[in-house]
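Throughout, read-outs are computed from the coordinates displayed, never taken from laboratory work. Everything numeric in this text was worked out from a predicted model, so none of it was measured. Neighbour counts run over all protein chains shown; Cβ positions are idealised from the backbone, glycine included.
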Amino acid sequence: MADFPDAQHRWRCGHCGNLTRFDVLRSARTREFWHVNLAGEPEVESTEVLEGAIEEVRCRWCGNTDRIEIIARPEPGHEGDSPHDMGGV
Ligand SMILES: [Zn+2]
């Protein structure tokens with residue numbers, strides 16, 4: 001079970017290092033705005049999550065669920081510490 005990361009944190013798979021692709025199994029109680037067009041086709045235009053919990057987070061790369069970690073996001077302006085300063089000599 002994993003917690004939902006906040007604005008300063010993100011998930012990371014401890015097995016393979018995946019940071020971007022996860023299957024999230026969650027239960028939620030939601031209120032949805034259904035916009036039904038003249039043909040009768042409904043479209044959910046907005047969803048408000050009233051309550052809910054994440055039950056499982058699975059890495060899309062390696063399929064593991066037991067080592068999903070929460071790590072800090074890179075700080076703004078530090079774009080992953082890429083070596084901009086190393087070039088142009
Ligand atoms: Zn993984």
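The length gained by stretching the chain between Ile71 and Glu55 to full extension, at 0.36 nm per residue less their Cα-Cα distance, is 3.9 nm. For segment 9-75, rounded, prolate or oblate, judged on the Cα gyration tensor with a ≥ b ≥ c (square roots of eigenvalues), a/c < 1.5 rounded, else prolate if a/b > b/c? Here segment 9-75 falls in the prolate category.
Relative contact order for segment 9-75: what is it in percent, counting Cα pairs under 8 Å that are at least 6 residues apart? Computed over segment 9-75, the figure is 44 percent. As a calculated quantity, the FRET efficiency between Cys62 and Ala28 at R0 = 30 Å, using C-beta atoms, amounts to about 0.70.
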